[in-house]
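To keep things clear, I will list the structure first and then write my remarks on it.
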Amino acid sequence: MEKKIAVCLGLIMLCLTWGAPDVPEPPPHLAEAVVVLDLSTGTALAGANVTMRRQPGPLGQLATALAALDKLEERDWVVASPEAASVSGTRRGLLPHQALTAGALVRDMLVHSANDAAWALAEAAAGSVGEFVQLMNAKAAEIGLQHSRFTNPMGLDTRGQYSSALDLAKLAQAALAHPILQGAASQQNFLWRFPGATGLKAGYSEEAGYCCLLSAQQNGIQLVVAVLGARTENHLWLDAIRWLRFGFAHYESLLEKPMVADINSNGPCAHP
């Protein structure tokens, strides 16, 4: 009798699984948060802790670039104030009253994370850094970022500033749709790390940890992965590469049934 019951149960399970699509097993993650976004549809395909609030680090400079280019043309001249020229941290080396085009400053900021370029753009676009931060948050709302608040244009760790992997991936999508930012993204020195890589930005801060937005195109599919809170640079790129590989390998099934992360756990789970 027990043998017959076991056989029946086996047949039932076989019927239930017959023809069911394979569910891809997501890779592990070493960073605090990760998400893979389809750039053509804006769909978050897979991730872990995608809405967890974290300091955005230098990735926040993408919001600076988009907000500045709403007010400035690429060829507009920007004169660096003494305050911009004296900003600490990573710099391009602006001198007081030095003039550069807005396009050149945007490229310096995105490729080299130049804080002085970010400050100069903010003042040129809004008159003051304080006024410009309001433009950044208005731009974030326009793009649809629901888990972000910016308090400075440089991406410095400051109280009250936060974003999420999902929001930064959406920010990357908006940036890659802008010709000037798309051009700057293509100049990054880490594109060799993934076949078909097109950009976008990487950086580090004490509270944000190592973080990146790595975009790539393969067989007409365009994806971007956001990785936040990696402890080492090796962990950062390991996560970015294996999650992009996962996205490309299972693109069709993930697009049909995207995976999201439970903010209260370390692992991904399927949509209910």
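Here, each number is a calculation from the coordinates, and none is a lab measurement. Quick caveat, the model's predicted, so the values are computed rather than measured. Using ideal geometry, Cβ is built from the backbone for each residue, glycine included, and neighbour counts are taken over all protein chains shown.
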Item checked: Qualifying trypsin sites (Lys or Arg not before Pro) for segment 58-133 [loop in DSSP, other Cβ within 10 Å: at most 12] -> Arg75
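Just from its helices, what would the mean residue ellipticity at 222 nm be for the chain, if runs of 4 or more DSSP H residues each count -39500 (n - 2.57) and the sum is divided by every residue, rounded to the nearest 500 deg cm²/dmol? Display every interim value, and only then the final one.
Working: 10 runs with 111 residues, N = 272.
Helix contribution divided over all residues of the chain: -12500 deg cm²/dmol.
Can you figure out the FRET efficiency of Arg193 with Ser86, using R₀ = 25 Å and their beta-carbon distance, to the nearest 0.05? If you can, show how the numbers build up before the last one.
Numbers: r = 35 Å, r/R0 = 1.38.
The calculated FRET efficiency here is 0.15.
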Next item on the list: State the Kirkwood hydrodynamic radius of segment 61-144 in Å, one decimal place, computed from all pairs of distinct Cα atoms.
Entry: 12.3 Å
Next item on the list: Please work out the Cα center distance from segment 149-179 to segment 73-136, rounded to the nearest Å.
Entry: 17 Å
Next item on the list: Count neighbours as other Cβ atoms within 10 Å of each site's Cβ, and list the GluC sites (Glu not before Pro) in segment 138-235 that are DSSP loop with at most 15 such neighbours.
Entry: Glu206, Glu207
Item checked: Sites Ala99 and Glu207 - FRET efficiency at Förster radius 22 Å, r taken between beta-carbons, to 0.05 -> 0.05
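When only DSSP loop residues count, what trypsin sites (Lys or Arg not before Pro) in segment 129-211 have their Cβ near at most 11 other Cβ atoms within 10 Å? Mind dumping the intermediate values first?
Numbers: sites: Lys139, Arg149, Arg159, Lys170, Arg193, Lys201; in loops: Arg159.
Hits after loop and neighbour filter: Arg159.
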Notebook entry, point to check: Given a cut-off of under 8 Å on Cα pairs at least six residues apart, what relative contact order in percent is computed for segment 61-144?
Noted result: 34 percent
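Answer rounded, prolate or oblate for segment 158-268, using the Cα gyration tensor with square roots of eigenvalues a ≥ b ≥ c: rounded when a/c is under 1.5, else prolate when a/b is larger than b/c, else oblate. Each step should come with its number before you reach the end.
Values: a/c = 1.44, a/b = 1.07, b/c = 1.34.
Taking the square roots of the gyration eigenvalues as a ≥ b ≥ c, segment 158-268 is rounded.
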Check: What nm distance separates the two modelled labels at Lys257 and Leu30, each placed 7 Å from Cα along Cα→Cβ?
Finding: 3.1 nm
Notebook entry, point to check: Of the lysine pairs in the chain, how many meet both conditions: Cα atoms under 29 Å apart, and a spacing of 8 or more in sequence or different chains?
Noted result: 8
Notebook entry, point to check: Relative to the first principal axis of the alpha-carbon coordinates of the chain, what is the inclination of helix 115-126, with its axis defined by its Cα atoms, in degrees from 0 to 90 and to the nearest 10?
Noted result: 80 degrees
Note to self: Could you tell me the relative contact order of segment 113-272? Use alpha-carbon pairs under 8 Å, at least six residues apart, and round to a whole percent.
What the structure shows: 12 percent
Next item on the list: Specify the angular offset, from 0 to 90 degrees and rounded to the nearest 10, of the alpha carbon long axis of helix 129-143 from the longest principal axis of the alpha carbons in the chain.
Entry: 30 degrees
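Using Cα pairs closer than 8 Å and at least 6 residues apart in sequence, work out the relative contact order for the chain, in percent. Mind dumping the intermediate values first?
Working: 571 pairs, mean separation 73.5, N = 272.
27 percent.
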